[in-house]
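K.L.:
Dumping the structure here so I can ask a few things about it.
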Amino acid sequence: MGIKIVLVNLGYRKLMYPDATPPMGIMYLASFLRERKKDVEVKIINQRLENYTPEELVKVIYDIKPNIVGISSSTLFAYIIPIISDTLKQLLPDTWIVLGGPHASAIKKQAFIDCENLDIVVPGEGEIAFHQVVESYPQKKDLCKIPGIIWKDANGEIIENAGGIPIISDLDHLPFPAYDLIDLPRYWKIRSMTLVPRRSYASLVSSRGCPYHCIWCHSIFGKKIRFTSAERIVEEIKWLNKKYDIVDFEFLDDNFNFRQQRVFEFAELVKKNDLKLKLSFPNAIRADLVTEEVVESLYEAGTFTCSLALETGSPRLQKFTCKNLDIPKFIKTTEMMDKKGIYIHGFCMLGFPTETEEELQQTIDVAANSKLHTATFFTVIPFPGTPMYEWVKQNKPEKFKEVDYRDVCFVSAKVNLTDIPDDIFFGYQRKANIQFFFNLNRIFRVLKTYPKPLSLVIYVPTYIARLTKGIVSPS
């Protein structure tokens with residue numbers, strides 16, 4: 001008899017969280033598991049797609065009656081974890097509940113304190129460790145052999161295994177994500193991470209890890225970057241094209257262009273295979289690594305939109321936050337991409353610890369004077385498991401009184417880590433949107449370059465809220 005497994009991606013779609021993309025993390029988990037263990041039956045539930053209430057989600061899981069439930073969650077939706085796990089344990093006491101994903105990687109052992117009905121926590125990269133967890137079922141004593149996991153034994157003792165979570169060094173060996181376990185066309189009717197709604201597309205992840213040390217960021221996949229080869233990317237694109245008849249792909253990599261040679265090889269293979277693609281990079285390309293040759297290659301491969309992360313226009317804060325972005329090169333990259341007709345969205349952050357009014361204005365000025373078409377001005381929030389969280393905990397612990405992670409909205413959170421009075425700080429957030437968007441030249445460029453100008457109307461309510469209120473209550 002096989003093992004029934006349900007993999008769940010937690011979250012909701014709301015006004016400030018309107019997107020839902022294929023849950024790539026648990027899709028990779030499912031395909032990896034099925035490739036190595038034939039006697040498993042895996043189902044995927046994306047709460048963010050379905051917008052299930054916790055009660056509805058539990059009912060769907062209960063009807064399947066799985067042996068193992070794997071839950072992936074960010075910190076934003078972590079408050080749902082105990083609601084789900086407590087009820088499931090009452091209904092299915094013998095079912096193992098395993099927590100993974102960004103929140104598990106951030107808080108590790110603390111997860112058992114926050115949620116007493118968890119059985120296992122897998123921090124970091126999940127494929128190998130979760131496969132070993134499934135191989136151990138139903139003997140909990142065998143869990144002691146899996147490096148890096150944290151688990152609760154039959155006596156309720158929490159055990160943290162020595163060693164690090166094993167990682168996959170060669171990403172080309174990963175099977176394709178389990179697209180057969182999701183209804184991909186349903187995602188085409190909902191906004192994705194790319195700022196072009198209602199398109200037939202698929203998501204791609206072609207690298208893991210990040211060599212940079214930005215203080216606001218988690219380190220789920222480690223600080224050594226790993227890549228799939230250009231040949232493997234094209235192979236996956238061709239497979240998805242044949243299966244779904246699509247040419248639109250969005251890369252969710254944090255740093256697709258870190259290895260320039262791979263960009264060139266990928267573009268050459270796209271040309272060689274005569275693939276007419278539409279590519280987007282919504283998670284950000286590292287702007288100060290971009291050259292004219294990289295822009296040309298991305299454009300020739302079919303890139304029509306990408307995001308560039310400025311974060312802060314202050315050279316001092318670039319060093320303080322360990323982003324260390326070359327700001328003049330960032331500006332140059334926006335100019336090069338704009339000349340090619342690539343639609344550019346910018347990521348900016350306001351409210352770093354120690355940030356001054358002058359530095360807030362620096363960020364606004366750099367963004368507004370660049371060739372970005374649109375930009376989001378995020379509020380800086382210290383998330384558990386990050387160096388910034390530890391800095392605030394040590395230097396400004398009183399600031400945590402302002403932080404509520406439940407459904408917090410990055411652009412409207414009433415969090416102020418600076419020493420600037422709230423009314424002045426939140427005023428700069430409003431000013432950022434006004435100075436950036438109230439620009440006739442920018443409005444003209446957006447209308448000229450945006451792939452679906454008529455669909456811009458769906459973004460109007462959000463931007464009106466930002467422009468008129470500066471800060472809006474999380475919805």
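The values are calculated or read from the model by the stated rules, or taken from the named source; none is laboratory data. The structure displayed is predicted, hence computed values, not measured ones. Virtual Cβ from ideal backbone geometry, glycine too; neighbours counted across all protein chains shown. Ligands, DNA and RNA are stripped out before the accessible areas are found, and what is left, the full protein with its side chains, is counted by its heavy atoms. Shrake-Rupley method; radii C 1.70, N 1.55, O 1.52, S 1.80 Å.
K.L.:
Pick out, from L240, A111, C409, the residue whose Cα sits farthest towards the positive end of the charge dipole of the chain, with +1 on the Cβ of Lys and Arg and -1 on the Cβ of Asp and Glu.
P.N.:
L240
K.L.:
Using packing as a proxy for protection, rank 247-257, 99-109, 128-138 so that the peptide with the highest average count of other Cβ atoms within 10 Å comes first. Numbers along the way, then the final one.
P.N.:
On the way: 247-257: 21.3, 99-109: 23.1, 128-138: 19.0.
Top to bottom by mean Cβ count within 10 Å: 99-109, 247-257, 128-138.
K.L.:
Given R₀ = 56 Å, FRET efficiency for F437-K43 by Cβ-Cβ distance, to 0.05? Provide the component values of the computation, followed by the final result.
P.N.:
Values: r = 43 Å, r/R0 = 0.77.
It comes out at approximately 0.85.
K.L.:
So, one more: Please list the non-local residues whose amide H lies under 5 Å from the amide H of A284, H modeled 1.01 Å from N, same-chain partners needing a gap of 5 or more.
P.N.:
Placed amide hydrogens put S307 under 5 Å from A284.
K.L.:
With a ≥ b ≥ c taken as the square roots of the eigenvalues of the C-alpha gyration tensor of region 188-283, please select rounded if a/c is under 1.5 and otherwise prolate if a/b is larger than b/c or oblate if it is not?
P.N.:
Working: a/c = 2.33, a/b = 1.31, b/c = 1.78.
Oblate shape, in that a/c is at least 1.5 and b/c is the bigger or equal ratio.
K.L.:
Within straight cross-link reach of K371, meaning Cα distance under 14 Å, which aspartates and glutamates are found once same-chain residues fewer than 8 apart are removed?
P.N.:
Qualifying aspartates and glutamates at Cα under 14 Å: E335, D338.
K.L.:
What aspartates and glutamates could a cross-link reach from K189, if we take a straight Cα to Cα line under 12 Å and drop same-chain neighbours fewer than 8 places away?
P.N.:
D19
K.L.:
Could you give the length gained by full extension between D422 and T449, i.e. 0.36 nm per residue of separation minus their alpha carbon distance, to one decimal place?
P.N.:
Values: separation 27, 0.36 × 27 = 9.72 nm, distance 3.66 nm.
My answer for the length gained is 6.1 nm.
K.L.:
Okay, next question. Ranked highest first by average number of other Cβ atoms within 10 Å, how do 439-451, 42-54 line up? Write out the running numbers ahead of the final one.
P.N.:
On the way: 439-451: 13.4, 42-54: 19.2.
Descending packing order for the listed peptides: 42-54, 439-451.
K.L.:
Modelled label-to-label distance, Y137 and R406, 7 Å Cα→beta-carbon offset: nm?
P.N.:
In this crude spin-label approximation the distance works out to 3.1 nm.
K.L.:
Let me ask something else about it. Cα to Cα, under 16 Å, and not fewer than 8 places away if on the same chain: which lysines meet these conditions relative to K223?
P.N.:
K323
K.L.:
Additional query: Hey, can you grab everything whose amide H is under 5 Å from the amide H of K278? Only 5+ residues off in sequence or another chain; H modelled, so Pro and N-termini drop out.
P.N.:
Close amide H contacts, sequence-distant or interchain: D248, F249.
K.L.:
Given a 1.4 Å probe and every protein chain left where it sits, what share in percent of the accessible area of region 18-130 is carbon and sulfur? Can you show the working numbers first?
P.N.:
Numbers: 2060 of 4000 Å².
Ligands and nucleic acids excluded, carbon and sulfur reach 52 percent.
K.L.:
Compute, for region 206-292, the length of the dipole vector about the Cα centre, with Cβ point charges of +1 (Lys, Arg) and -1 (Asp, Glu) only. Units Debye, rounded to 20. Before the final figure, lay out each step's value.
P.N.:
Working: 15 positive and 13 negative charges, 56 e Å.
It comes to approximately 260 debye.
K.L.:
List residues of region 232-266, by number, whose backbone nitrogen lies under 12 Å from a label position 7 Å along Cα→C-beta of L275.
P.N.:
Only 232-242, 246-251, 265-266 pass the distance filter.
K.L.:
What is the distance in Å between the Cα centres of region 211-271 and region 278-336?
P.N.:
Between the Cα centres of region 211-271 and region 278-336 lies a distance of 16 Å.
K.L.:
Could you check what % of the DSSP bridge pairs in the chain are antiparallel, to the nearest 5? Can you show the working numbers first?
P.N.:
Working: 8 of 51 bridges.
About 15 percent, rounded to the nearest 5.
K.L.:
Further question: In whole angstrom, how far apart do the alpha carbon centroids of region 341-417 and region 108-168 sit?
P.N.:
34 Å
K.L.:
Related question: Where nothing but the Cβ of Lys and Arg (+1) and of Asp and Glu (-1) is charged, how large is the charge dipole of the chain around its Cα centre, in debye to the nearest 20?
P.N.:
Details: 60 positive and 57 negative charges, 182 e Å.
Dipole magnitude for the chain comes out near 880 debye.
K.L.:
Which far-off residues, 5 or more places away or on another chain, put their amide H under 5 Å from the one on F378, with H placed in the peptide plane?
P.N.:
Counting only residues 5 or more places away or on other chains, the set is C348, M349, L350.
K.L.:
Using 20 Å as the Cα-Cα cut-off, could you pick out the over-long pairs in K238/K271; K272/K448; K272/K332; K272/K329; K276/K332? List each step's numbers first, then the result.
P.N.:
Values: K238/K271 13 Å; K272/K448 30 Å; K272/K332 30 Å; K272/K329 31 Å; K276/K332 28 Å.
K272/K448; K272/K332; K272/K329; K276/K332, as the Cα separations exceed 20 Å there.
K.L.:
Same structure, new question: Please report, as a whole percent, how much of the solvent-accessible surface of region 287-395 comes from carbon and sulfur atoms (probe radius 1.4 Å).
P.N.:
After summing per-atom areas, the C and S share lands at 51 percent.
K.L.:
Among 213-221, 367-375, how do they line up by average Cβ neighbours within 10 Å per residue, starting with the highest?
P.N.:
On the way: 213-221: 18.1, 367-375: 21.7.
Ranking, from highest mean packing down: 367-375, 213-221.
K.L.:
Right, next: Carbon and sulfur: what percent of region 153-280's accessible surface (1.4 Å probe)?
P.N.:
Details: 3150 of 6160 Å².
Whole-percent figure for carbon plus sulfur exposure: 51.
K.L.:
Here's a follow-up. Subtracting the Cα-Cα distance from 0.36 nm times the residue separation, let me have the gained length for Q260 to E116 in nm, one decimal.
P.N.:
Working: separation 144, 0.36 × 144 = 51.84 nm, distance 4.64 nm.
Value of the extension gain: 47.2 nm.
K.L.:
Counting only heavy atoms of protein chains, what accessible area per residue, in Å², does the chain have with a probe of 1.4 Å?
P.N.:
Details: 20200 Å² over 475 residues.
I get 43 Å² per residue for this part.
K.L.:
Stretched out fully, how many nm does the piece from I83 to E35 gain, at 0.36 nm a residue minus the Cα gap?
P.N.:
Values: separation 48, 0.36 × 48 = 17.28 nm, distance 3.20 nm.
Length gained, I83 through E35: 14.1 nm.
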